[in-house]
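Colleague: Let me give you the structure first, and then I'll get to my questions.
Readers should treat all values here as calculations from the given coordinates under stated rules, not as data from a laboratory. Computed from a predicted model, the values in this text were never measured in an experiment. Don't worry about glycine lacking a Cβ; one is built from the backbone with ideal geometry, like all the others, and counts go over all protein chains shown.
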Amino acid sequence: MKKRNRGIRLIAAAALTLGSLAPVAAAPGAAQAAVPGVAKNYASLMYRSLTADATMANLRATLVKQQADLKKRSADATKAQKASVGAQKKLATVAAGHAAVFEKLKSAERALTDAKNALARQSKQKPRNNAAIARAKRAVTAATTVRDARRTRLHQAAAELRSAKKIAGVTTSAVVNSLASVGQTSAAVEQTQNRIATAGTAAGYAAQAATISRSVVDEVRPVFTVADTTSVYGTTVHKNIAYAFKRLIDDAKADGIALSGGGFRTKERQIELRTINGCPDVWTAPASSCRVPTAIPGRSLHEIGLAVDVTSGGRTLTRKSKAFEWMTAHAAEYGFVNLPSEAWHWSITGG
């Protein structure tokens, strides 16, 4: 299989879910029985196996974006901190200026009071000294002018102080928010790194699935109903292997190999095939005694949709066919194992 093409298909597969198998359609039948937990676990493991590379690629792409975002947010936080330091220094300067202006106003008010008191005293002096009174009045007028000017300056200083406090508050909030953002992004980076470090491999998940495949057969068979099957490109299989089988068909096609086959068949059809294939006894003769190896009714994995007789171009697989070579090289990736005596027969256990 071409690694590059397969990688592209894996990326595309990452968007799929176990239920999104178009053009797969559910087969009609009786109410579906409860699917055993081991079968669900098997399906989950195979899905994770077949999407492991895409999942890892997505995680790595996510990490790159998160790290770039963290770098930007850290730079923004540094910028915000610098702005906050500048704003605090400005606030301290403006506050000191405001205090100085306030003290100057108090001094001017005291000087005005003194000038008014001096005028009052001079006005009471006998004999009346008009020149002295005129000087005292001019002193009151001058003190009033200074007081008013300093009041105006204090109003300006107060406005500057309010503005500086507002800017300092905004920059402080910006620092708090930016640091929180850095913390959140850093946590997201760490989480993604942990997911990458602990992510399973395609081979690992497939190996886990293989170890429980026989348990899947044992638990599915007693509760199986036709409603547990679905059609994948015209081949009916158990729903828990539908995703893996669809991926197998799609990936083989991408490599130039057209695959199809016969999957589920009823027990009645299995009995018919035993007769057609010349088995000495329908119920007791071993499969190998038939002209075409055919399992005893009740034992075939076809009867529970967990086996497929694979065809290519409408022909049964042979060991010399390119389709068989492809299946031999790749089928295990999708959870399918060959029955050595039948080149066309592939199932989750090889039975």
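Colleague: For a distance above 19 Å, tell me the whole-number percent of Cα pairs in the stretch 121-274 that qualify. All intermediate terms of the calculation are to be shown ahead of the outcome.
Modeller: Details: 9439 of 11781 pairs.
Result for the distance tail: 80 percent.
Colleague: Further, regarding this structure: How big is the convex hull of the Cα atoms of the stretch 61-198, per residue, in Å³? Could you put the intermediate results ahead of the total?
Modeller: Details: hull volume 10.5 nm³, N = 138.
Enclosed volume per residue, from the Cα hull, is 76 Å³.
Colleague: A follow-up question, please. What FRET efficiency would be calculated for the residue pair residue 253, residue 62, taking the C-beta separation as r and a Förster radius of 25 Å, to the nearest 0.05? Let's see the in-between values first.
Modeller: Working: r = 30 Å, r/R0 = 1.20.
With R0 = 25 Å, the Cβ-Cβ based efficiency is 0.25.
Colleague: Continuing with this model, one more query. Pop the C-beta distance of residue 284 and residue 214 into the FRET formula with R0 = 25 Å and round what comes out to the nearest 0.05.
Modeller: Numbers: r = 23 Å, r/R0 = 0.93.
Given R0 = 25 Å and the Cβ-Cβ separation, E is 0.60.
Colleague: If you stretched the chain out fully between residue 129 and residue 41, how much longer would it get, using 0.36 nm times the residue separation minus the C-alpha to C-alpha distance? Please list the in-between numbers first.
Modeller: Values: separation 88, 0.36 × 88 = 31.68 nm, distance 11.39 nm.
Contour length minus Cα-Cα distance gives 20.3 nm.
Colleague: Report the label-to-label distance for residue 155 and residue 233 in nanometres (one decimal), using points 7 Å from each Cα along the Cα→Cβ vector.
Modeller: Inter-label distance under the simple model: 8.6 nm.
Colleague: Among the listed pairs 104/137; 267/322; 246/320; 40/320, which have their C-alpha atoms separated by more than 29 angstrom in this model? Write out the running numbers ahead of the final one.
Modeller: Numbers: 104/137 22 Å; 267/322 32 Å; 246/320 24 Å; 40/320 35 Å.
The answer is 267/322; 40/320.
Colleague: How big is the gap, in Å, between the Cα center of the stretch 265-335 and the Cα center of the stretch 140-192?
Modeller: 82 Å
Colleague: Using only the Cα atoms of the chain, construct the convex hull and provide its projected area averaged over every direction, in square nanometres to one decimal. Numbers along the way, then the final one.
Modeller: Working: hull surface 117.6 nm².
Across all orientations, the chain yields a mean hull projection of 29.4 nm².
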